[in-house]
1. Separation between the Glu54 and Gln38 pseudo-spin-labels, each 7 Å from Cα along Cα→Cβ, expressed in nm?
2. Could you order peptides 65-76, 48-59 by the average number of other Cβ atoms within 10 Å of their residues, highest first?
3. Per residue of the range 57-66, in order, report the coupling 6.51 cos²θ - 1.76 cosθ + 1.60 (Karplus, θ = phi - 60°) as ³J(HN,Hα) in whole Hz, putting x for Gly and Pro.
4. Cβ neighbours within 10 Å, averaged per peptide: list 88-97, 38-47 in order, most packed at the top.
5. Can you give me the long-range amide H partners of Cys82? Hydrogens built in the peptide plane at 1.01 Å from N, cutoff under 5 Å, separation of 5 or more residues or another chain.
6. Quick one: what are the phi-derived ³J(HN,Hα) couplings along the range 95-110, Karplus 6.51/-1.76/1.60 with θ = phi - 60°, whole Hz, x for glycine and proline?
7. Give me the one-decimal nm value for the distance between modelled label points at Leu66 and Cys82, 7 Å along each residue's Cα-to-Cβ direction.
8. Would you please calculate the Kirkwood hydrodynamic radius of the range 35-110 over all C-alpha pairs and express it in Å, rounded to one decimal?
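Read-outs throughout are calculated quantities, based only on the coordinates presented, and are distinct from any laboratory measurement. All values derive from a computational prediction rather than experimental measurement. Positions of Cβ are generated from backbone atoms using ideal geometry, with glycine treated the same way; all protein chains shown enter the neighbour counts.
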Amino acid sequence: MLKAERDYYYPALLVFFHKKLKIKYNSLIQEQWCGYCQPNCPEEIDIPMVINAELMWKLWPKETLLDWYKGKVESAQNCVECGECEEACPYNLPIREMLVAGIDFLKTRMG
Ligand code: SF4
């Protein structure tokens, strides 16, 4: 491939994939970040933030995330398994399982 071709195609490809990723992540965020579960949690756990931890790790700088997640893992571990969040979820997400997965993910990343 000629340099002129590479200079033209590579940025165009990057823009294309960036748009694709953004569309993919936006749909994931819409599904899991509606926040309907939040007001129902008796432990006031930041549910969307914890269940989306892995996605957040892909999208945001680690320094920012370490700050955001301070205390959230501890708080999420106070889950009493009441299921109120799942009752309120319009997408029927297995939030309690997702919460445990989010906590495990964060523990491995935060040390
Ligand atoms: S199951 Fe856990 S996360 Fe869901 S509402 Fe109850 S305490 Fe909150």
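1. About 2.3 nm, to one decimal.
2. Values: 65-76: 15.0, 48-59: 18.1.
With the highest mean Cβ count within 10 Å placed first, the list reads 48-59, 65-76.
3. Whole-Hz 3J(HN,Hα) from phi for the range 57-66: 5, 7, 9, 10, x, 4, 4, 5, 5, 4.
4. Working: 88-97: 14.4, 38-47: 16.3.
Averaged packing, sorted descending, gives the order 38-47, 88-97.
5. Those qualifying (amide H under 5 Å, at least 5 residues apart or on another chain) number zero.
6. 4, 4, 5, 5, 5, 4, 4, x, 4, 4, 4, 5, 4, 5, 7, 8
7. Inter-label distance under the simple model: 3.4 nm.
8. Working: mean 1/r = 0.0802 Å⁻¹.
With all distinct Cα pairs of the range 35-110 included, I get 12.5 Å.
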